[in-house]
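Here, each number is a calculation from the coordinates, and none is a lab measurement. The structure presented is a predicted model; accordingly, all values stated were derived computationally and were not measured. For neighbour counting, all protein chains shown are included, and Cβ atoms are generated from backbone atoms with ideal geometry for every residue, glycine included.
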């Protein structure tokens, strides 16, 4: 997914001031005190979920921070002018300079952990059953880093897709109608991404153009219809690509294996199957 699951911002400068007109969903900026030369670093988080931030300095001349470096923090959803730390001048008779690299991602990358006891709802309407053309470790595309634990449910375009777990919608794209069998079509895939309370996210990919039934900020319950399936992006045919993922301390995406509810009350990992599995809500 392009520009939605992971954001990377690089800053290398002497001093910047904050531009009030910024449209970035998450940003780190610094403001210098002209009187004493100190600099305060802030963050804005316009996302509807918390964001982890890692700040590493590659230039820090004649300045010291009031926190341990590199700096790690989790910024609350909707935070504005959130103070991160202050840099002060060591020797005012000498020049100073700073430069840093900022990495950030959704969720708590430092302390978050998937709730392995949670049992997911198969992401389509109750009683329906669709084959699984590609499961965990699939050779077509699920062997790639970050996609190892993914499922492809084969279904015709326009099939109702349901949330597999309660959460809040953090990203929606449904403006594309392009698809192809090579990786270069990846960016044209439409999707809905839902954030869970344990800091993980579920991605519902390849939905049809204008197929989203939700918007960013919507609170969703498991079993609720969120989109219509399609055949957009890197795809060899109509299907729903589903996976749960999170980020590690290096802000690298990692897929998470999940168990699903069955009629007999059991919770199982789904495998490649021509007959598929019936959804139980």
query = What is the spin-label model distance, in nm, from residue 181 to residue 272 if the labels are put 7 Å beyond Cα along the C-beta direction?
reply = 1.6 nm
ask   = Roughly what would the spin-label model give for residue 209 and residue 57, points 7 Å off Cα along C-beta, in nm?
value = 5.1 nm
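Using a 10 Å cut-off on Cβ atoms, rank the peptides 124-130, 175-181 from the highest mean neighbour count down.
On the way: 124-130: 16.3, 175-181: 14.6.
In descending order of packing, they fall as 124-130, 175-181.
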request  = Using packing as a proxy for protection, rank 163-169, 93-99 so that the peptide with the highest average count of other Cβ atoms within 10 Å comes first.
outcome  = 163-169, 93-99
key: Ranking of 155, 201, 63 by count of other Cβ atoms within 10 Å, fewest first   = 63, 155, 201
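Multiply the residue separation of residue 92 and residue 225 by 0.36 nm, subtract the distance between their alpha-carbon atoms, and state the gained length in nm to one decimal. Let's see the in-between values first.
Details: separation 133, 0.36 × 133 = 47.88 nm, distance 6.10 nm.
Length gained, residue 92 through residue 225: 41.8 nm.
Calculate, in whole percent, how much of the Cα-Cα pair population of region 203-278 lies beyond 18 Å.
Working: 1680 of 2850 pairs.
Above the 18 Å cut-off, region 203-278 has 59 percent of its Cα pairs.
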task = Report relative contact order for the chain in percent, whole number only (criteria: Cα-Cα under 8 Å, sequence separation at least 6).
result = 19 percent
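Take 174, 66 and order them by how many other Cβ atoms sit within 10 Å, fewest up front. Write out the running numbers ahead of the final one.
On the way: 174 20, 66 10.
Exposure proxy ranking, most exposed first: 66, 174.
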note = Of the convex hull enclosing the alpha-carbon atoms of region 119-278, the direction-averaged projected area in nm² is 8.7 nm²
request  = Give the percent of DSSP beta bridges with both residues in the chain that are antiparallel, rounded to the nearest 5.
outcome  = 95 percent
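Among 34, 157, which comes first, second and so on when ranked by fewest other beta-carbon atoms within 10 Å? Numbers along the way, then the final one.
Values: 34 8, 157 17.
Arranged by neighbour count, lowest to highest, 34, 157 become 34, 157.
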ask   = How much FRET efficiency would the formula 1/(1 + (r/R0)^6) give for residue 111 and residue 166, where r is the Cβ-Cβ distance and R0 is 22 Å, rounded to 0.05?
value = 0.60
message = Under the 0.36 nm per residue contour assumption, what length would be gained going from the current alpha-carbon distance of residue 80 and residue 64 to full extension?
response = 3.3 nm
query = What fraction of the DSSP beta bridges in region 119-278 is antiparallel, stated in percent and rounded to the nearest 5?
reply = 90 percent
ask   = Which distance in Å, rounded to a whole number, links the C-alpha centroids of region 56-90 and region 242-278?
value = 37 Å
